[in-house]
1. Under 8 Å by Cβ, and 6 or more places apart or on different chains, what pairs join a residue from segment 1-24 that is over 15 Å from Asp63 (Cα atoms) with one that is of a type in the set (Lys, Arg)?
2. When you go through (1) touching a Cys at 6+ places or on another chain (Cβ under 9 Å); (2) under 22 Å from Glu96 (Cα atoms); (3) of a type in the set (A, V, I, L, M, F, W, C) one by one for Leu71, which number turns out not to apply?
3. Mind checking which residues of segment 77-97 are surrounded by 14 or more Cβ atoms within 10 Å (Cβ to Cβ) and in a strand (DSSP E or B)?
4. Just one of Asp106, Asp64 is at pLDDT below 90 and exposed (fewer than 10 other Cβ atoms within 10 Å of the Cβ); which is it?
5. Got a sec? Which of Arg46, Arg9, Arg54 is at pLDDT below 90 and in a loop (DSSP other than H, G, I, E, B)?
6. Test Leu26 against the criterion of being in a strand (DSSP E or B) and buried (at least 18 other Cβ atoms within 10 Å of the Cβ), and give yes or no.
Amino acid sequence: MITTDREIRADQKKTIEKLLNDEQVLVHVNPQCQGLTIPSHLCGNRTVTLRLSRFFKGALSTDDQKISAELLFGPDYFSCTIPWDSIWGASSVRGEEHIWAEAAPDEILEMVIAQQEEKRAGSRQGSESSRLLTSTTRPNPGHLRRVK
């Protein structure tokens, strides 16, 4: 099934708006895309991750073409314009990850594929080593304690 650009943008918008219902969302963008407005010192990177939240002081809005956000970079706010076409991925604070391969730079796709292969290889090894664990093995407790 061939997905059109309009369908991809609609999916991106729906997904990111849903993720914005949480505290915040990390949006991964291709800084080489036309129409993207971010601070100039970020434009030379192969990818840029922007933290968005409706709880931030700066304005945030979405429409069918883009996300507009006033984001804090150091001590100053910057008016960012993030076209849907520039967004290749999004991550939530709950660990959800979404990737739109059509917008991702080739080197990012290669990196994602390599990570997936490593995960698959690790899960095969992990399932073999988990059989070797004894019943006395306990997970390491966190370092924080509740004090009354």
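1. Asp22/Arg94; Gln24/Arg51
2. Unmet condition: (2).
3. Listed by number, the residues that qualify are Tyr77, Phe78, Cys80, Thr81, Ile82, Pro83, Ile87, Trp88, Gly89, Ala90, Ser91, Ser92.
4. Matching residue, one of Asp106, Asp64: Asp106.
5. Arg46
6. Spelling it out, it is not the case that Leu26 is in a strand (DSSP E or B) and buried (at least 18 other Cβ atoms within 10 Å of the Cβ).
Condition check ((1) free of Cβ contacts under 8 Å to residues at least 24 places away in the same chain; (2) closer than 17 Å to Gln24 by Cα; (3) touching a His at 6+ places or on another chain (Cβ under 7 Å); (4) of a type outside the set (Lys, Arg)) across all residues:
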position: Asn45; (1), (2), (3), (4): yes, no, no, yes
position: Ser53; (1), (2), (3), (4): no, yes, no, yes
position: Lys57; (1), (2), (3), (4): yes, yes, no, no
position: Ser61; (1), (2), (3), (4): yes, yes, no, yes
position: Pro75; (1), (2), (3), (4): yes, no, no, yes
position: Trp84; (1), (2), (3), (4): no, no, no, yes
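The values are calculated or read from the model by the stated rules, or taken from the named source; none is laboratory data. Owing to the predicted nature of the structure, the values given are computational and were not obtained by experimental measurement. Positions of Cβ are backbone-derived with ideal geometry, glycine not excepted, and every protein chain shown enters the neighbour counts.
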